[in-house]
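Every number here is computed from the coordinates shown, using simple stated rules; none is lab data. Owing to the predicted nature of the structure, the values given are computational and were not obtained by experimental measurement. Please note: Cβ atoms are built from the backbone with ideal geometry, for glycine as well, and neighbour counts cover all protein chains shown.
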Amino acid sequence: MIVRPDGTVAKCCNDPLTKMTLGDLKHQTLRETWRGRIYQELRKEMYFNGRQNIPGCEFCDIFGLYNHLPPFAKPNEFKRLVDEMIFRKKFGEIYILDTVPYSKILFERFKACGVEFNSLINNIRNDSADENYKYITLQQALSERAGILIPSIHYDDGLFDFFHGAGYRYGKDYLICTS
């Protein structure tokens with residue numbers, strides 16, 4: 001939140017000329033502005049649809065790439081993956097393989113950047129099931145010929161042999177997200 005000298009409130013430091021006014025402190029308190037309808041609508045839009053529909057936010061590199069990185073991703077690598085997942089989503093379902101502790105973090109980080117994965121694949125680590133996420137099995141994802149993102153390279157060769165045996169090719173049908 002940026003408060004201009006005249007009391008108007010801009011959404012962030014990337015809107016220094018207050019092209020999008022979110023409040024006016026001459027007529028409301030800071031708390032009323034922060035919790036107000038305009039800020040709530042802005043947050044809702046970012047949460048559900050990403051930044052692409054918000055003027056001035058569509059090219060922002062702060063919210064989704066530097067402050068909300070998965071623990072293993074470099075900013076330029078994560079941006080590349082976000083762009084790749086948005087592209088792949090146009091062609092069908094995409095899933096994240098949930099086999100490492102930060103799979104859910106990765107799911108949320110992509111969501112904050114506008115990528116909607118269909119669900120998590122979980123049939124390797126049964127203890128990671130969580131009612132806050134939709135899960136499918138690896139066999140279901142493969143039967144859909146869905147795109148799959150694997151959030152680590154710490155797997156045995158058997159997993160990759162399984163993918164190759166199912167006709168999946170690295171780079172085309174599945175990607176590995178690592179630092």
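Numbers below:
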| read-out | value |
| --- | --- |
| Stretch gain in nm, segment residue 13-residue 132, where the contour uses 0.36 nm per residue and the Cα spacing is subtracted | 39.5 nm |
| Inter-site label distance for residue 3 and residue 54 at 7 Å from Cα along Cβ, in nm | 2.1 nm |
| Spacing of the two label points (7 Å from each Cα toward its C-beta) at residue 41 and residue 25, in nm | 2.3 nm |
